[in-house]
Amino acid sequence: VLREVEEAGVVQLPEGLRIDSTLDPMVQQAASESLEKGLAKLEATHPHLTSGLEPVQGAVVVLDPKNGSVLALVGGRDYRRSQFNRAVQSRRQPGSLFKPFVYLAALEAARDGEAGRLTAASLLADEPVTFDSETGPWSPQNYDKQFHGHVTMRSALEQSFNVPAVRVAKAVGTKPIVQLLHRLGVKSAIGEDLSSVALGSSSVSLIDIAAAYGAVANGGIAVKPTAVRTTRDRQGDMLWNAVPNRQQATSPQGAYVLTSLLEGVIQRGTASKAKVIGFQGAVAGKTGTTDGYRDAWFVGYTSDVVIGVWVGFDDERPLRLTGSQAALPIWMELAQRVIPPNVPTFVMPAGVVARTIDPKTGQLATSQCPEQVPEVFIEGTEPSVYCEVHGGGIWDRLRHTFGFS
């Protein structure tokens, strides 16, 4: 808080300042308790975490995506032992937390008629591939060491497959993705090689990556996080009033489609165990696991709150745990305490359309398709061809031509 006041140019007065913080005491306490409880449980169930000199650490950030208010900030498990703020000062590899922004850049490029018009229903090749890199040929692998053939963008993100994400990053270009990340609120330098962009091997702070997800939750509007509302002198005269710093970082349509994809991560993907919380409404999020299992992350959000969790060691030795194993349970514990059970749904903006597709082909579903799923598209990028594997009859063609339901 004091650092933010100093950055705002407010001079410390001898008689002191009156600072009105955005921190919510109840949320702050819940975040601190959830982190300690979660880390203690990890140590109890995974004895290898206690084998070193330093304990496993963690950090939590809770943001209001609409105005950037920091509702809670926990920089570590024991402030008396270490004052290092891992939520703000630490820079760690985000791993799979970067993948959604690769796909968001592709969705936006498709809206502009670029990059082969990739959509949530596009079939992506999850097959062996080799790229040239600065260190020589590079063949990305998936977490499960398997390849899964052609999968939709939705499925690729839900299951956090590496290979499709790298292929999309190559197709879109890494520079637009890096520029998007910076617009969304990531301030640290990001390498423009495929691994740094697609698989998150650059380093970021927890508060920055939480803010980037907050921009998606906020309809594409990035708001700089702030922990201070106002600063006054002892007489009550205003010295500084925080005004939310807003920027339209991505389109509302792209943000909505990505949020829909991230809802699927919780419904069917790597964060599916969060379903036991039983929220009635819309919750979206993404797990993050880095190469070598040194960092575990989860960032999840509703339209009103973003919660980011990081778990790891200060000396960067391997956790040997995934984001789903280490960070997600802490998020779940905290979410149950600060997110109401009846969560409002994300509002679909104008310029987004819904269609029913066959996920095996990514094309419009016909009456003959054995699997038919709803999908959302930025208007103008939706498929126009009916499934060619399960070819529809005359009724399907009439329905498409004349807009019959």
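Bear in mind that the values in this text are calculations on the coordinates, not laboratory data. The model shown is predicted, which means the values in this text are computed figures rather than measured ones. As a convention, Cβ positions derive from the backbone with ideal geometry for all residues, glycine included, and neighbour counts pool all protein chains shown.
Here are the numbers:
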| read-out | value |
| --- | --- |
| In Hz, Karplus ³J(HN,Hα) per residue of the stretch 174-186 (6.51, -1.76, 1.60; θ = phi - 60°; x = Gly, Pro) | 6, 4, x, 5, 4, 4, 4, 4, 5, 4, 6, x, 7 |
| GluC sites (Glu not before Pro) lying in DSSP loop within the stretch 12-107, provided at most 14 other Cβ fall within 10 Å | 15 |
| Distance-filtered residues of the stretch 65-88 - backbone nitrogen under 19 Å, label point 7 angstrom along residue 54 Cα→Cβ | 74-88 |
| Net charge of Cβ neighbours under 10 Å - reference residue 241; Lys, Arg +1; Asp, Glu -1 | +1 |
| The stretch 251-405: translational diffusion in µm²/s, Stokes-Einstein, Kirkwood Rh over Cα pairs, 25 °C, 0.890 mPa s | 138 µm²/s |
| The stretch 126-174, relative contact order in percent, only Cα pairs under 8 angstrom and at least six apart counted | 38 percent |
| Normalised contact order of the chain, rounded percent, pairs of Cα under 8 Å and 6 or more residues apart | 19 percent |
| C-alpha long axis of helix 206-217 to longest principal axis of the chain, angle in ° | 50 degrees |
| On Cα atoms only, tilt of 25-45 relative to the major axis of the chain in degrees | 70 degrees |
| Identified option (computed mean projected area of the Cα convex hull in nm²; candidates [x] 20.3; [y] 22.2; [z] 17.8) | [y] |
| Length released on extending from residue 243 to residue 145, taking residue separation times 0.36 nm less the Cα-Cα span | 30.5 nm |
| Phi-based couplings in Hz for the stretch 50-67 (Karplus 6.51, -1.76, 1.60; Gly and Pro marked x) | 9, 7, x, 6, 9, x, 4, 10, x, 8, 9, 10, 10, 10, 8, x, 6, 10 |
| The chain: antiparallel DSSP beta bridges as a percent of all, rounded to 5 | 95 percent |
| Debye, to nearest 20: dipole size of the stretch 278-354, +1 on Lys, Arg Cβ, -1 on Asp, Glu Cβ | 200 debye |
| Efficiency of FRET between residue 235 and residue 348 - r from beta-carbon atoms, R0 45 angstrom, step 0.05 | 0.35 |
| Farthest toward positive dipole pole in the stretch 144-184 [+1 Lys/Arg, -1 Asp/Glu at C-beta], among 178, 146, 157 | 178 |
| Value at 222 nm in deg cm²/dmol, rounded to 500, when DSSP H runs of n ≥ 4 in the chain each add -39,500 (n - 2.57) | -9500 deg cm²/dmol |
| Cleavage-rule hits (GluC sites (Glu not before Pro)) in the stretch 109-179: DSSP loop, at most 11 neighbouring Cβ within 10 angstrom | 134 |
| Trypsin sites (Lys or Arg not before Pro) restricted to the stretch 114-209 and DSSP loop, no more than 10 other C-beta within 10 Å | 145 |
| Relative exposure of 390, 48, judged by other C-beta atoms within 10 Å (fewest first) | 48, 390 |
| For the chain, size of Cβ-based charge dipole, Lys and Arg +1, Asp and Glu -1, in debye | 380 debye |
| Between helix 162-172 and the chain: long-axis angle, C-alpha atoms, 0 to 90°, nearest 10 | 80 degrees |
| Pairs beyond 19 Å (Cα-Cα), from 170/360; 41/273; 37/187; 41/286 | 170/360; 37/187; 41/286 |
| Listed residue (238, 323, 255) projecting farthest to the positive dipole end of the stretch 209-344, Cβ model | 255 |
